[in-house]
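The values are calculated or read from the model by the stated rules, or taken from the named source; none is laboratory data. Everything quoted here is computed from the prediction, not taken from an experiment. Here the Cβ positions follow ideal geometry from the backbone for every residue, glycine too, while neighbour counts run over all protein chains shown.
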Amino acid sequence: MWVFILIDKQRWVQQLSMANVPCYFTLSSTITEHLFMQEKTELTKREREILYYVALGYQRKRIATAMQVSVNTVGTHLTHLHKATKTHSMSELAIWAINNGYNKKPQ
């Protein structure tokens, strides 16, 4: 759900305003521009598979279980993905993955 809130921020803020709920949610314009920018990055098959699980909201341990690899292996792939996508957190990486079409099961 946290990914949906970030992606659909404007509608979420409007709904909170209509419900008279104070909203203190902001993202800097540079972060927003980067996360919503479509980028073509050359990724390995394993990295694309990890991005799929990140887009689903999985954390390291659950990704490792799903892929039948160690948590350290997933961590290494995530480090490479963060560098390749210029993201700094799992939530940023999830947003990037969804916006770049990695939320579909890789073949």
- List the pairs whose first member sits in the stretch 71-87 and is assigned to a helix (DSSP H, G or I) and of a type in the set (Val, Ile, Thr), whose second member is loosely packed, with under 13 Cβ neighbours inside 10 Å and at pLDDT 95 or above, and whose Cβ atoms are under 8 Å apart, counting only residues at least 6 apart or on separate chains? 71/61
- Selection within the stretch 71-88 - among the aliphatic types (A, V, I, L, M) and under 13 Å from residue 54 (Cα atoms): 74, 78, 81
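Taking the stretch 44-66 on its own, how many of its residues are outside any helix (DSSP H, G or I) and either acidic (Asp, Glu) or touching a residue at least 40 places away in the same chain (Cβ under 8 Å) (or both)? Please lay out each step first, then the result.
Applying the first criterion (outside any helix (DSSP H, G or I)) to the stretch 44-66 yields 44, 56-59.
Subsequent filtering for residues that are either acidic (Asp, Glu) or touching a residue at least 40 places away in the same chain (Cβ under 8 Å) (or both) retains 56-57.
Number of matching residues: 2.
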